[in-house]
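Working notes, structure below.
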Amino acid sequence: MRGPIITLEGVQKYYGEYHALRGIDAEIGQGEFFSLLGPSGCGKTTLLRAIAGFEDISGGRILLDGRDMDGVPPNRRPTNMVFQSYAIFPHLSVAENVGFGLRKSPMSGAEKKTAVGEALEMVGLGGYGGRAAHALSGGQRQRVALARALILKPKVLLLDEPLSALDKKMREQMQTELRRLQRQVGITFILVTHDQEEALIMSDRIAVMFEGGIAQLAPPQDLYRRPASRKVGEFIGMMNFLPARLIEAGNPSVEVEVPGLGRAILEPDQCPMGTGGEISIGLRPESMTLLFDGQNAERVAQGVVEERTYYGDMTYYDIRLDGAPNIVQVSMRNMPGRRVLDRGDRADLAWDARAMVLFC
Amino acid sequence: MRGLKVYAITYLVFLYAPIILLPLFAFNDGTIIAFPLQGFTVNWFVELARTEALHDATVNSIFIAVTTAILATCFGLFAARAGNRHSFPGKGGILGFVMLPLVLPEIIVAVSLLVAMLQVGLSPSIWTVIAGHVLICTPFSIAILNGSFANMDKSLEEAAVDLGETPVSTFRLVTLPLVMPGIVASLLICFTISLDEFIIAFFLSGNEPTLPVYLWGQLRFPGRLPVIMALGTILVVLSILLLVTAEYFRRRGLRRAGLDDTGGFL
């Protein structure tokens, strides 16, 4: 990450009594693909619109390229936005839409025409300039909106749930394409999304937001492997949560007892130990393995298959652990020659303490 | 089913038969409005062209209608945009009061306007009629333009600002073209309402009568009836032309905005 292009310092937003943003601090790097991820109503769109200048903030500062944006209207900010509805002007042609922002630029007519052509080429719509905007499909509108925003070479491109209106196939295609485009132009992208998978696929870093605050800000892998709280772990992917008992709190490692699994020595990197109270561990479904016919492992727990869901490439098992009230979910890839267990079958479960996350 | 068909046909006959009588007697060579017809003549149209007072009334009416349409549509445009895009204290109450003339009996509006104007020392004239007509036309304009604004994606204006336009140039480049079909519809409807409005014009026009007020005055002279029929014929033809034009612009607007047709005047 090169120097920050955006610095958020204690950004607050009130709508009357409602506290929409509760002190947001973050630095977003030059050329970074940054995502704001959270459930609806978490404040992610409000934050994006505050950066664009469509919402006045009630406290704190937004610095864009080192400049305080307080009182700067959206038309004078070095940001451009791709709206959720795309906001393609229906009364203009594709080329007029893309060239809309160049109206006041000192470029000559011919230069503008070239720029529009290049922008359309970049998003894969070369030759579409003469079409009427309202005759485009959803995916094409999306591309026009991108070209229209990128033609102004903004310092930051803001994307408000840009893929939510597309069908699954088109969405997956655009995810890769957006990523490619971002690398190509090298502009900072800030993406708002409620789709955790989309955020994981596309982002360099993700800020997970709940109730107007950032719960965790990390690269996708760290976010998935080491969620900072149960809430983040629940929101991103699937995670088993098991109550645990603290045996010995050492430094740097702690020993915990997990009913049904056994003892584990962990090296918590984000849990302030010695706080006492309830602790639990989190374990992803794919970080446990069912053992078949004579396979062996260092740490094995036993249980009964309570439920089984077959997905073709994967099978998900709900397994009730012996000697514990817990049910854990385990996912197994369906390999050739590997059995699929049925409900009621006994299961041996191998687990690894390194994949455990401690919550307290 | 059969009963409904008969009902529908009877209904249409009652609605349109009197209008068909207009051209019939306008070209009838006789001063008495009764069958049998006497023969073909265009005398009544010639006499129409010679009646000076009628010309004045027509000019008054058209001036009033055009001015009213423009003013009411401007007010309607501002009110509809404010109502659709902004929230401010007392919004519900203010918009309610603006829309009130829609349901207020016109006679009450007319009498109270007359009293108020005389109190502040204004004498009845074309301008007082315009004031009254703007009052009753503005709610229609707001209702029409509300629909236009409600159909328009809010992000479109934001997108224009985001792309570097000021609020004023955004209004000109994006808002205005997109609500243009609504503006045209509002102009035409306000023009029509103002043109055939009688009660307010009767109370407030003083010695500058509008066309309906002049016609009402002429009804006292039975000999003038065929001339009125001739005038009526011209008005019917003009109304049809106006409606067709309005519908043409409405459909063209829809096509350009890429919206589905949800039904119009025709």
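Read-outs: derived from the displayed coordinates by stated rules, not from any lab. For clarity, every value in this text was computed on a predicted model and none was experimentally measured. For neighbour counting, all protein chains shown are included, and Cβ atoms are generated from backbone atoms with ideal geometry for every residue, glycine included.
Some observations on this one:
- Listed from fewest to most Cβ neighbours within 10 Å, the set B:ASP196, A:ASP293 follows the order A:ASP293, B:ASP196.
- Computed over neighbours whose Cβ is under 13 Å from that of A:GLU121, the net charge equals +1, Lys and Arg +1, Asp and Glu -1.
- Pairwise centroid distance, computed over Cα atoms, of segment A:1-73 with segment B:82-112, Å: 40
- Three-way shape label, segment B:1-88, alpha-carbon gyration tensor, a/c 1.5: oblate
- Chain B, relative contact order [Cα under 8 Å, separation at least 6], %: 30
- Phi angles of segment B:237-251 translate, via the Karplus equation with coefficients 6.51, -1.76, 1.60 and θ = phi - 60°, into HN-Hα couplings of 4, 4, 4, 4, 4, 4, 4, 5, 4, 4, 5, 4, 5, 5, 5 Hz per residue; Gly and Pro are given as x.
- Working from Cα pairs under 8 Å separated by at least six residues, relative contact order for segment A:238-359 is 29 percent.
- For the pair segment A:122-186 / segment A:322-354, the C-alpha centres are spaced 43 Å from each other.
- Put a plus charge on the Cβ of each Lys and Arg, a minus charge on the Cβ of each Asp and Glu, and nothing anywhere else: the dipole of segment B:50-257 about its Cα centre is then about 360 debye.
- Length released on extending from B:THR166 to B:ASP29, taking residue separation times 0.36 nm less the Cα-Cα span: 42.9 nm
- Zone of A:LYS153's modelled label, taken as backbone nitrogen in segment A:27-71 under 18 Å from a point 7 Å along Cα→Cβ: A:30-32, A:65
- For segment A:4-233, the number of Lys pairs separated by eight or more positions or lying on different chains, with C-alpha atoms closer than 18 Å, is 7.
- Stokes-Einstein diffusion coefficient of chain B, Kirkwood radius over Cα pairs, 4 °C, 1.567 mPa s, in µm²/s: 61
- With viscosity 1.002 mPa s and temperature 20 °C, the Kirkwood radius over alpha carbon pairs of the protein assembly as shown converts through Stokes-Einstein to a diffusion coefficient of 69 µm²/s.
- The fraction of Cα-Cα pairs per 5 angstrom bin, counted from 0 for segment B:136-266, comes to 2, 9, 14, 15, 15, 12, 10, 8, 6, 5, 3, 1, 1, 0 percent, rounded to whole percents.
- Amide hydrogen neighbours beyond the local backbone of A:GLN12, cut-off 5 Å, H modeled: A:GLY23, A:ILE24, A:SER58, A:GLY59, A:GLY60
- Entry for chain A at q = 0.07, 0.10, 0.13 Å⁻¹: log10 I(q)/I(0) = -0.41, -0.75, -1.04, Debye formula applied to identical alpha-carbon scatterers, no solvent contribution.
- Selected from A:THR193, A:THR45, A:THR176 as most flexible by GNM, with chain A as the system and alpha-carbon contacts under 10 Å: A:THR176
- Rounded to the nearest Hz, the phi-derived 3J(HN,Hα) couplings of segment B:117-126 under the Karplus curve 6.51 cos²θ - 1.76 cosθ + 1.60 (θ = phi - 60°) are 5, 5, 4, 8, x, 8, 9, x, 7, 4, where x marks glycine and proline.
- Taking all Cα pairs closer than 8 Å and separated by 6 or more residues, the relative contact order of segment A:191-246 comes to 26 percent.
- In a DSSP loop and with at most 14 other Cβ atoms within 10 Å, the GluC sites (Glu not before Pro) in segment A:1-58 are A:GLU17.
- Counting every other Cβ atom within 10 Å of each residue's Cβ, A:LYS112, A:LYS168, B:LYS154 order from fewest to most as A:LYS168, B:LYS154, A:LYS112.
- Legend: translational diffusion of segment A:176-268 by Stokes-Einstein, Rh = Kirkwood radius over C-alpha pairs, 20 °C, 1.002 mPa s; D = 137 µm²/s.
- Amide H to amide H, with H built 1.01 Å from N, A:ILE281 comes under 5 Å of A:LEU242, A:ALA244, A:PHE359, counting only residues 5 or more places away or on other chains.
- Fewest neighbouring Cβ atoms within 10 Å first, the residues A:ARG299, A:ARG143 line up as A:ARG299, A:ARG143.
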